[in-house]
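Please treat every number below as a calculation from the coordinates, not as lab data. Here the structure is a predicted model, which means the values were calculated and not measured. All Cβ positions, even for glycine, are placed from backbone atoms using ideal geometry, and neighbour counts span all protein chains on display.
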Amino acid sequence: MPTIADALRAVKSSLPQGVELIAVSKTHPAELIREAYAAGQRHFGENKVQELALKAQALPPDIVWHMIGHLQTNKVKYIAPFVSYIHSVDSERVLDQIEHEAAKNGRIIKCLLQVHVAREETKFGFLPSELHSLLQSAFVYNLHHVRICGLMAMASNTDDIDQVRREFHVVQELFKQTKSIFFANDPSFCELSMGMSGDYKLAIDEGATMVRIGSSIFGQRIYNTEK
Ligand SMILES: *Cc1c(COP(=O)(O)O)cnc(C)c1O
């Protein structure tokens, strides 16, 4: 079994300059995050509010926390005091709530707008047309505690590499379009979060600037099915 430090080193060495590694630690205990932290990793991603809040409390304050899972409006308050990035903004309502809670905490939260390109109906995110309408409303430009930093997407969960590549390509085109139409003068809009353990190399080929990698670093996740 390679150690977490070995696995991190292997993944990092496969990333080009300028691509940020978000180590996805969901379901894994704080000890494993400490191991990655000791090996120099600072950006970590979680997909559940409660788990994220508990881990943030228990772990060093200089960790840069990324919320990458679907976020319910009524739970934004639990992460607003500390979260750096929210990748999974998928509605105007949640964006409004992030603004509200970030203001209460005197913070600016960096947000990525999640877009839906995968075949699975179960995945979240704006359709390209919805993204366009959102960005046409003045609301978005009056957010003072949210910084919109780019787009996030997940590809279909399939072995069909061409399908995955096509989906990432669609997102890249959407990113470029969005940048040139709505954020041409905003250098903050520069991140494209896409790619997981199984598909991050394809994502990088299609312009990803952030990759979210879990199992290649921490091993397989074991989900507790008793709830
Ligand atoms: C779990 C998860 C990942 C990481 O998946 P791996 O296949 O373990 O690398 C990336 N992004 C999101 C949104 C996730 O929920």
Which value, in Å to one decimal place, does the Kirkwood hydrodynamic radius take for the range 95-227 when every pair of different Cα atoms is included? 16.1
Rounded to whole Hz, the Karplus (6.51, -1.76, 1.60) HN-Hα couplings of the range 104-121, x for glycine and proline: 4, 8, x, 10, 10, 10, 7, 10, 10, 8, 7, 10, 9, 10, 6, 6, 5, 5
Considering only lysines 8 or more places apart in sequence, or on different chains, count the pairs in the chain whose C-alpha atoms sit under 20 Å apart. 26
For the chain, the Cα gyration tensor yields equivalent-ellipsoid semi-axes (√(5λ), largest first, whole Å) of 26, 22, 16
In sequence order, what are the phi-derived ³J(HN,Hα) couplings for the range 39-46 according to the Karplus relation 6.51 cos²θ - 1.76 cosθ + 1.60 with θ = phi - 60°, rounded to whole Hz, with x for glycine and proline? 7, x, 6, 10, 9, 10, x, 9
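Please tell me the relative contact order of the chain in percent, rounded to the nearest whole number, where contacts are Cα pairs under 8 Å and at least six residues apart.
Working: 387 pairs, mean separation 44.8, N = 227.
Here the relative contact order equals 20 percent.
Counting only helical runs of four or more DSSP H residues, what would the 222 nm mean residue ellipticity of the chain come to if each run contributes -39,500 (n - 2.57) and the total is spread over all its residues?
Numbers: 9 runs with 87 residues, N = 227.
Counting only the DSSP helices, I get -11000 deg cm²/dmol.
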Using a simple charge model, +1 on the beta-carbon of Lys and Arg, -1 on the beta-carbon of Asp and Glu, nothing else, what dipole does the chain show about its Cα centre, in debye to the nearest 20? 540
The range 134-188 to the range 111-126: how many Å between their Cα centroids? 11
